[in-house]
Amino acid sequence: MTPAAPCIVERPVPAGVDALAREADLPPLLARLYASRGVTAARDLDPALAALPDPAELPGMEAAVDLLLRARREGTRLCVVGDYDADGATSTAVLVTGLGALGFRAVDHLVPNRMTLGYGLTPELVALAAEGPEAPELLVTVDNGIAAHAGVAAARARGMDVLVTDHHLPGDTLPEAAALLNPRLADGPTEFDAVAGVGVAFFLLAALRRRLRETGELAGDGPNLAGLLDLVALGTVADVVPLDRVNRILVGQGLARMRAGRARPGIAALAAVAGRDLRRLAAADLGFALAPRLNAAGRIDDMALGIACLLATDPAEARQRAERLDALNRERREIEATMRAEALAATARLALDGALPAALCLHDASWHPGVVGIVASRVKERVHRPVIAFAPDGQGSLRGSARSIPDFHLRDALAAVDARHPGLVTRFGGHAMAAGLTLEAGRLDAFAAAFAEEAARTLDPATLRGEHVTDGELAPAELDLATAELLERAGPWGQGFPEPEFHGVFDVAGARVVGEAHLRLELRDEAGRRIPAIAFGAVEQGWADPPGRIRTVYRLAVDRWRGDARLQLQLRHLEPA
């Protein structure tokens, strides 16, 4: 048995739309879309860097800046310790580049290999950093470290200071680092709560530059840190953090630089190998084209390759590295396809008794630990419930990657399981929508039962059906190229600020499978207009032979070809009308 088909639900629109339209001078449709995503005033739409919050207000900033200021004055050898995902890679590139521009003389970087060292600042990684004649005197973590008790202790034992910069939720105790910079250390909500690791690194550099200006230790105004925003945009979108007001500014400004031809060579090369036009790059291109190629290094090989691409200053070198990342991404897709098929088959077997558990734990001894997160995401989309996919870590344990649905906070759920069953989980961490954990191999069944029990306890059963939340139906006059171009300019759209989707009923005037997996259609609206549409992955979804009349959820897109632009509907769901 498969889960019930998702239902179509219209997004509620709060009061005040007309007032927002007047204050921000918006078309009525755009005002309605923004208001339904939490925008209440024109200030929420200000794209300027000047509208960002004061970096000094980020918890731990003063101590972090003091530590770096002293390191700069004393010529301390630094090592930036990153993470093997896109947020960690961009964070590393931001801090290495920014500290160099701010006058730090010896800045190295190190990123753990997923397969051999695992996540974060571990004692083994500290030992690796200490090798060689000139070991670092200060380790600066990016996108990790808030749970690295053993790693920080190992560094201190070797005489190294540690500055932790992170954005993950802290545990009950904190590592004994020299300074901790993390928005989640605040006593209450702040404007930095949704910032990714790369955003924390960027704000740290901004605060440090301000202090150096105040002390007269910079020549002139110092470097223009806005040049780092292409990296900040990529890491922010890749980490799927909510695009709240602050993150929309960071991503919007980074995209503006890319479109203006000011992307660094590595990002320009990633766009080129992905077949994306920098002049029209959108947040979705960062998330679905550039980020997977960067992440492929950490999943299949070593994220040092990805960081080298981002740090490259020569376009030819950047292109060479980007082509290597593209090849790794093709390899990743092949591995993923096999694993996804096996995971869906396992899910079907679980459903033979008539119902799936409220949360799924899937495992196969042949699975690649670097790809389980993508598989969990694909299965989650299919079954509308939290999913954890596990693979052997090569050391006798299982490494799991979890993906969630709205209303189920993964990190909190793992903490609840850990509290009820002490010792069941070896280690865990993450966010509301994504998390990672490690188990002893023999404890998977016990954990799967405990995790499903926690999901059943906290989730409304209606949530497990899945929903397509739309922005309603468009008036016939709105279903045109001008509206599609308006929405294209109105972003950035993304996590927590979703790209507009609409629903409607159309006649199918023609349909054919293209590229083995996709469906190209010609639809006819109530006025008899013919509108081109495409449904990506339609064959896998069982849509290859649509009925003559469909109800569909779609996005408006601009299809550009050889200088021409036309309206195209991107179908997200379809069912008989």
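The values are calculated or read from the model by the stated rules, or taken from the named source; none is laboratory data. Here the structure is a predicted model, which means the values were calculated and not measured. Please note: Cβ atoms are built from the backbone with ideal geometry, for glycine as well, and neighbour counts cover all protein chains shown. Note: areas computed on protein heavy atoms with side chains; ligands, DNA, RNA excluded. Shrake-Rupley method; radii C 1.70, N 1.55, O 1.52, S 1.80 Å.
Observations, loosely collected:
Matching residues to (1) touching a Phe, Trp or Tyr at 6+ places or on another chain (Cβ under 7 Å); (2) modelled with pLDDT of 95 or more:
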position: L30; (1), (2): no, yes
position: P47; (1), (2): no, yes
position: P55; (1), (2): yes, yes
position: P59; (1), (2): no, yes
position: A63; (1), (2): no, yes
position: L69; (1), (2): no, yes
position: G88; (1), (2): no, yes
position: L110; (1), (2): no, yes
position: M115; (1), (2): no, no
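- Hits in segment 275-284 - residues which are part of a helix (DSSP H, G or I) and open to solvent by less than 30 Å² (accessible area, probe 1.4 Å): A283
- Some residue of segment 300-314 being among the polar types (S, T, N, Q), touching a residue at least 24 places away in the same chain (Cβ under 8 Å) and within 24 Å of V387 (Cβ to Cβ): no
- Yes/no for G227 being open to solvent by 10 Å² or more (accessible area, probe 1.4 Å), over 20 Å from the mean Cα position of the chain (by Cα) and either at pLDDT below 95 or at positive phi (or both): no
- Matching residues in segment 70-96 - criterion: being open to solvent by less than 10 Å² (accessible area, probe 1.4 Å) and within 22 Å of T215 (Cα to Cα): A71, L78, L95
- Filter pass, E454 being of a type in the set (D, E), over 23 Å from S36 (Cα atoms) and more than 27 Å from the chain's Cα centre (by Cα): no
- Residue that is farthest from I335 (Cα to Cα) [pool: residues in segment 356-368 that are open to solvent by 20 Å² or more (accessible area, probe 1.4 Å) and in contact with a strand residue (DSSP E or B) (Cβ under 9 Å, 6 or more places away or on another chain)]: C361
- Applying the criterion of being acidic (D, E) and within 31 Å of the chain's Cα centre (by Cα) to the residues of segment 481-526, the residue that is surrounded by the most Cβ atoms within 10 Å (Cβ to Cβ) is E499.
- From R403, R378, residue being of a type in the set (D, E, K, R), modelled with pLDDT of 95 or more and within 21 Å of the chain's Cα centre (by Cα): R403
- Each residue in segment 313-344 was checked for being surrounded by fewer than 21 Cβ atoms within 10 Å (Cβ to Cβ) and over 20 Å from R378 (Cα atoms), and 11 pass.
- Top-ranked residue in segment 236-267 [being hydrophobic (A, V, I, L, M, F, W, C) and part of a loop (DSSP other than H, G, I, E, B); ranked as surrounded by the fewest Cβ atoms within 10 Å (Cβ to Cβ)]: A260
- Residue count for segment 527-558, restricted to those that are at negative phi, open to solvent by 40 Å² or more (accessible area, probe 1.4 Å) and more than 25 Å from the chain's Cα centre (by Cα): 10
- Residue selected from segment 327-361 under the condition assigned to a helix (DSSP H, G or I) and of a type in the set (G, A, S), by the criterion farthest from S401 (Cα to Cα): A327
- Just one of the listed residues (L20, L67, L78) is of a type in the set (A, V, I, L, M, F, W, C) and either in contact with a His (Cβ under 8 Å, 6 or more places away or on another chain) or farther than 24 Å from V126 by Cα (or both), and it is L20.
- So L117, is it touching a Leu at 6+ places or on another chain (Cβ under 9 Å) and more than 21 Å from L305 (Cβ to Cβ): no
- D54 being within 30 Å of E10 (Cα to Cα) and out of contact with any Pro (no Cβ under 7 Å at 6 or more places or on another chain): no
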